[in-house]
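**Student:** Handing you this structure, nothing more for now.
The values are calculated or read from the model by the stated rules, or taken from the named source; none is laboratory data. From a predicted model like this one, the values you see are computed outputs, not experimental measurements. Backbone-built Cβ (ideal geometry, glycine too); neighbour counts: all protein chains shown. Areas reflect the complete protein model, heavy atoms only, side chains present, ligands, DNA and RNA absent. Shrake-Rupley method; radii C 1.70, N 1.55, O 1.52, S 1.80 Å.
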Amino acid sequence: MKKCLLILMILSWFSGNSQTKFSNSVIINEIFADPTPAIGLPEIEFVELYNTGSQTIYLRDWLYSDAVTTYKFTSDSIAAGEYLIICPKTNIADFEIYGRVLGISPWPSLNNSGDLLTLKNNSGEIINQVNYSSEWYLEADKKAGGYSLELIDPFAKCSGSLNWKASIANPGGSPGKQNSIYQANTQETEFKLIDVFLNDSSSLIITYNRFPDSLSAINPANYSLNNGIGIPASINFIDQRKLKLRFTNAFSRGLNYSLTVQNVSDCAGTLIDANFTHSEFFIPKVISKSNILINEILFNPRPEGVDFVEIYNNSESLLDLQELYLANISKDTIANKKQISNTQLLINPHQYLVLTIDPENIKKEYLTESDAFFVKMASLPAFNDDKGTVVLLSKNNVIDRFDYSEKMHFQLIKDAEGISLERSSFSRESNEPGNFRSATASARFATPGYKNSQAINEIAFEDEFKLSSKTFSPDNDGFEDELEIAYHFSSPGFVANISIYNEKGILVKKLLNNFTLASEGIINWNGFDENSKISPVGIYLIYADFFDAEGKSKRFRKTCVLAQKLN
């Protein structure tokens, strides 16, 4: 009697598990409706089932159908987490390499344009249903055939087009395994707005943490933007969680915006959480000339190294590098423009950023301070090892330009490979002679991402003609390597003649000869004489004569000391 009771209990357990009271315990996970032309999969239709539950499901007497044909399962099962490929009975062998296959007859043929597929248990309850359409592919080339439609998240509460997309697998589909476009939807309790991205001057791209209800999500009345912008003129889905909001009025530069969302629910009907209905974003000002400066360049790296260009935000504003391009000069024309970033990339006031194709290589070669100061670009313009030009562009406006040459390196350096040229002054033009110098040995010959080893303290103009220091030591240690002669006149147009003499009155170097000046600037002497030899330690005299077209003249005499370190 006990043995019979046990058998009855076992049969009862199997019977209970041959059907389910919960929808979506077995789902249609992949649909290969248009196998022609073949991309890599067999040129045969198939449907993939997936068991989302924790128990084996027995399929006896279950029904699978399209709008006109129904197949009744006579046996078989699908284990928890298992994929089952269903195909025409005559084509089982074509799919056996992909996983478990069940051939059925009659086969409910899959229409290319769309069809209603239904899976019912042995009590006639609908377990899963998909009314697919060829529009779900989203890509015209994949819609033409050879690619399957795949479910993005098999556990999502949402159904329909938001949770389906064309396969991105190389063969055109992924039968018998996790879908190529699988993306687990967040299981957070709150439904919320998680990102707002500035797409262009009058549109935003917003992202929710899970699939929104399509009707509430595209209702313009559910969105509002401050600063007089108002509600969107149009809303379109980009993908299952992203939407584009386009507004009638363009956004203004330099303003903080706040987007408010209300009455939007997810596909299960959960309203957006009250704590996540606002998102703020900032639109930087337009980048003008000299707002961003070229601050350092490594154009002749070591054999295993890579080039880099360091830029500096010389303004008091937060700026967007998405607007900038890096370029060079080819045949006297700006060429080889490379966009620094195709998404918003903000640079803080007085921040340094290193542009390179391989940040890890630079960080291995040189001392650095923070990973945050590097931007990895897909490619840089070519920068020749002997000479070339670096250009920063905003659209077609030149923001900064530096014409470099290997001859700018400290003259006593025999091999400049792996040594960068650094900017000394932000107030001087990039191409002003002497404003770029070799990085020092103490800084390991480059300073990517932080203050240059050759940076100088700007001279406060009190006199028309003065020296930054009365001593200098041309040894490339980063401290007073060059003599800096500053001039400051009330108007431009003066012509200068400046000569250096030793203490015996012998001419050492003719610095400037009938050279037209701006109203103010800095002139450098690197300690080398007319024969490009380093001058000996000693006292030197600077004679400077200035005159203009109206006959005004100015004459100055200064002394300095060329020193050297004691061993």
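**Student:** Looking at N249, N256, N275, N209, which one is at pLDDT below 95, touching a Gly at 6+ places or on another chain (Cβ under 8 Å) and polar (S, T, N, Q)?
**Tutor:** After ruling out the rest, the residue left standing is N249.
**Student:** Being more than 23 Å from M408 (Cβ to Cβ), within 50 Å of the chain's Cα centre (by Cα) and of a type outside the set (V, I, T) narrows it down to one residue among N502, N514; which is it?
**Tutor:** Answer to the selection: N514.
**Student:** With open to solvent by less than 20 Å² (accessible area, probe 1.4 Å), touching a Phe, Trp or Tyr at 6+ places or on another chain (Cβ under 8 Å), closer than 22 Å to P154 by Cβ and at pLDDT 95 or above as the only criterion, which of L84, L63 stands out?
**Tutor:** L84
**Student:** Restricting to the stretch 535-558, count the residues that are in a strand (DSSP E or B), open to solvent by 70 Å² or more (accessible area, probe 1.4 Å) and over 21 Å from Y487 (Cα atoms).
**Tutor:** 1
**Student:** Residue check: is L326 within 17 Å of L393 (Cβ to Cβ), in contact with a Lys or Arg (Cβ under 6 Å, 6 or more places away or on another chain) and crowded, with 20+ Cβ neighbours inside 10 Å?
**Tutor:** Yes: the conditions hold for L326.
**Student:** For the stretch 87-117, how many residues are in a strand (DSSP E or B) and open to solvent by less than 50 Å² (accessible area, probe 1.4 Å)?
**Tutor:** Residues that pass the stated criteria total 9.
**Student:** Tell me which residues, restricted to the stretch 158-176, are surrounded by 14 or more Cβ atoms within 10 Å (Cβ to Cβ) and at pLDDT 85 or above.
**Tutor:** Those that are surrounded by 14 or more Cβ atoms within 10 Å (Cβ to Cβ) and at pLDDT 85 or above: W164, K165, A166, S167, I168, A169, P171, G172, G173, S174, P175, G176.
**Student:** Restricting to the stretch 281-317, and then to whatever is open to solvent by 10 Å² or more (accessible area, probe 1.4 Å) and among the polar types (S, T, N, Q), can you tell me which residue is farthest from F383 (Cα to Cα)?
**Tutor:** S317
**Student:** Filter the stretch 412-440 down to residues that are over 26 Å from A486 (Cβ atoms) and open to solvent by less than 60 Å² (accessible area, probe 1.4 Å), then give me how many there are.
**Tutor:** Residues that pass the stated criteria total 4.
**Student:** Against the definition (within 29 Å of K414 (Cα to Cα), open to solvent by less than 40 Å² (accessible area, probe 1.4 Å), over 42 Å from the mean Cα position of the chain (by Cα) and of a type in the set (S, T, Y)), how does S453 come out, yes or no?
**Tutor:** So S453 does not fit the description; no.
**Student:** Name every residue in the stretch 513-534 that is open to solvent by less than 90 Å² (accessible area, probe 1.4 Å) and among the β-branched types (V, I, T), in order of residue number.
**Tutor:** I522, I523, I534
**Student:** On to the next question. Suppose the filter is among the small types (G, A, S) and at pLDDT below 90; does S499 pass it?
**Tutor:** No, not satisfied.
**Student:** Find the strands (runs of 3 or more DSSP E) located wholly in the stretch 396-440 whose residues include 1 or more that are of a type in the set (S, T, Y), and list them.
**Tutor:** 397-405, 436-438
**Student:** Anything in the stretch 524-562 that is under 22 Å from H409 (Cβ atoms) and of a type in the set (G, A, S)? List them, or say none.
**Tutor:** Residues satisfying the conditions are G527, S532, S535.
**Student:** Which ones in the stretch 134-157 are open to solvent by 10 Å² or more (accessible area, probe 1.4 Å) and in contact with an Asp or Glu (Cβ under 9 Å, 6 or more places away or on another chain)?
**Tutor:** Within the stretch 134-157, S134, L138, K143, A144, Y147, L151, K157 meet the criteria.
**Student:** Go through the stretch 190-230 and give me each residue that's of a type in the set (F, W, Y), assigned to a strand (DSSP E or B) and either touching an Asp or Glu at 6+ places or on another chain (Cβ under 7 Å) or free of Cβ contacts under 8 Å to residues at least 12 places away in the same chain (or both).
**Tutor:** Across the stretch 190-230, there are no qualifying residues.
**Student:** Going by what's in this entry, would N122 be described as surrounded by fewer than 18 Cβ atoms within 10 Å (Cβ to Cβ) and either outside any loop (DSSP other than H, G, I, E, B) or among the hydroxyl-bearing types (S, T, Y) (or both)?
**Tutor:** On the way: surrounded by fewer than 18 Cβ atoms within 10 Å (Cβ to Cβ): yes; either outside any loop (DSSP other than H, G, I, E, B) or among the hydroxyl-bearing types (S, T, Y) (or both): no.
In short, no.
**Student:** In addition: Please find, among L345, L367, the residue that is under 28 Å from L204 (Cα atoms) and in contact (Cβ under 8 Å) with a residue 12 or more places away in the chain.
**Tutor:** Matching residue, one of L345, L367: L345.
**Student:** I235 - would you say it is β-branched (V, I, T), within 27 Å of D141 (Cβ to Cβ) and not in a loop (DSSP other than H, G, I, E, B)?
**Tutor:** Judged against the criteria, I235 is a match.
**Student:** Look at the stretch 345-384 and say how many of its residues are assigned to a helix (DSSP H, G or I), farther than 18 Å from I292 by Cβ and open to solvent by 30 Å² or more (accessible area, probe 1.4 Å). Spell out the reasoning first.
**Tutor:** Taking the stretch 345-384 as the starting set, the residues that turn out to be assigned to a helix (DSSP H, G or I) are 359-365, 371-373.
Those left that are additionally farther than 18 Å from I292 by Cβ: 359-365, 371.
If we keep only those that are open to solvent by 30 Å² or more (accessible area, probe 1.4 Å) as well, we get 360, 363-365, 371.
So the answer is 5.
**Student:** Go over the candidates N275, N256, N263 one by one and state the one that is part of a strand (DSSP E or B) and open to solvent by 50 Å² or more (accessible area, probe 1.4 Å).
**Tutor:** Of the residues listed, the single one that is part of a strand (DSSP E or B) and open to solvent by 50 Å² or more (accessible area, probe 1.4 Å) is N256.
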